[in-house]
Amino acid sequence: MRALTWQDNWKTIVSKLRLVSDVGDQQDLIDDLSRFDVTTVLGFVNAHAMNLVAANNQYYEALSSADVLLRDGSGMAMLFRRLGMAPGLNMNGTDFIPKLLAAFKGRRVAFWGTEEAFLANAAKRSDALFAVNVVSAHHGFAEADTYVNLARLWQPELVVLGMGMPKQEVVATRLAASGVPCLIVCGGAILDFLGGKVDRAPKWVRRLGCEWVFRLIQEPKRLFSRYLVGNPMFLLRMLIYRGATP
């Protein structure tokens, strides 16, 4: 049997992405996600995720097992256009997850990720903005078993993971196997944004698709490799993948 290549991994992820065509389609998705009756995992796929998919099989397996994957960022829009496909709306988690939180008004929510001070701020702000009931808040540096035990204890209806890639996707697969019915969202930096650790780029920067530059300026040491090394690597892989795709 032929060993899978990174191009095979990319093909699987691209084929699984749920492209959202317009605002109405986005609202239908929010309605579906907030009316789950089984454990559901939501993930976001950006250029960094695709680089990890190419290099980290454990991450690829975790990401590909998610129930819903959404296209995040201008790099992925570029990839879809190269493949002759409409990329749909930019469904980045920083904009989409607050809309999900609003749909869970009055319901049991867990925030697992980031650091304690910012985590508490995120919970307090979400209570004020979205009127969700944050029943569990825990930092993002524990082992997966900790979060499984918390899920069984608190029975949240929505779990927002803010641990970064690839840990949060691996934790999500463990939570999905725990048998606790809930929506599990791989939220990346969303708890940092809600908790005031980092700021959003101005809207005009976001419209240009350059929020990554703003984030790099804010956190140059942490994000140098992800963006200044990772973005050219993604573009190179995109060209190779496009050339090998019928």
Whichever residue in region 146-173 is among the β-branched types (V, I, T) and farther than 16 Å from V132 by Cα and, among such residues, is surrounded by the most Cβ atoms within 10 Å (Cβ to Cβ)
V171
Mind checking whether some residue in region 219-226 is of a type outside the set (F, W, Y), in contact with a Gly (Cβ under 8 Å, 6 or more places away or on another chain) and surrounded by fewer than 16 Cβ atoms within 10 Å (Cβ to Cβ)?
no
Flag if S74 is in contact (Cβ under 8 Å) with a residue 24 or more places away in the chain, farther than 21 Å from M165 by Cβ and either buried (at least 18 other Cβ atoms within 10 Å of the Cβ) or small (G, A, S) (or both)
no
Only one of A103, A110, A122 is touching a residue at least 40 places away in the same chain (Cβ under 8 Å) and under 18 Å from A151 (Cβ atoms). Can you tell me which?
A110
Any residue in region 57-73 that is more than 23 Å from A176 (Cβ to Cβ), aliphatic (A, V, I, L, M) and either in contact with a Lys or Arg (Cβ under 8 Å, 6 or more places away or on another chain) or modelled with pLDDT under 95 (or both)?
no
Counting only residues that are among the aliphatic types (A, V, I, L, M) and assigned to a helix (DSSP H, G or I), which one in region 41-50 is surrounded by the fewest Cβ atoms within 10 Å (Cβ to Cβ)?
A47
Verdict on S74 being touching a Gly at 6+ places or on another chain (Cβ under 7 Å) and hydroxyl-bearing (S, T, Y)
yes
Of all residues making up region 144-198, the number that are within 17 Å of A62 (Cβ to Cβ), assigned to a helix (DSSP H, G or I) and in contact with a Gly (Cβ under 8 Å, 6 or more places away or on another chain)
4
Which numbered condition in (1) of a type outside the set (A, V, I, L, M); (2) within 18 Å of L17 (Cβ to Cβ); (3) at pLDDT 95 or above; (4) part of a loop (DSSP other than H, G, I, E, B) is the only one that F80 fails?
(4)
L129 under 19 Å from the mean Cα position of the chain (by Cα), among the aliphatic types (A, V, I, L, M) and assigned to a helix (DSSP H, G or I):
no
Return the only residue of A123, A176, A189, A110 being under 20 Å from the mean Cα position of the chain (by Cα), at pLDDT below 90, aliphatic (A, V, I, L, M) and surrounded by 15 or more Cβ atoms within 10 Å (Cβ to Cβ).
A189
Do we have V53 as buried (at least 20 other Cβ atoms within 10 Å of the Cβ) and of a type outside the set (S, T, N, Q) here?
yes
Take the residues of region 1-25 that are in contact with a strand residue (DSSP E or B) (Cβ under 8 Å, 6 or more places away or on another chain) and part of a loop (DSSP other than H, G, I, E, B): which is surrounded by the most Cβ atoms within 10 Å (Cβ to Cβ)?
V20
Mind checking whether some residue in region 194-216 is in contact (Cβ under 8 Å) with a residue 40 or more places away in the chain, of a type in the set (A, V, I, L, M) and closer than 22 Å to A103 by Cβ?
yes
If L208 meets every condition in (1) within 19 Å of the chain's Cα centre (by Cα); (2) over 18 Å from S64 (Cα atoms) apart from one, which number is that one?
(1)
Taking only pairs six or more apart or across chains, which ones have beta-carbon atoms under 8 Å, a first residue in region 26-40 that is surrounded by fewer than 12 Cβ atoms within 10 Å (Cβ to Cβ), and a second residue that is of a type in the set (A, V, I, L, M, F, W, C)?
D31/A103
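The values are calculated or read from the model by the stated rules, or taken from the named source; none is laboratory data. All figures in this text were calculated on a predicted structure; none of them were measured in a lab. Counting neighbours? That spans all protein chains shown, and the Cβs are built from the backbone with ideal geometry, glycine included.
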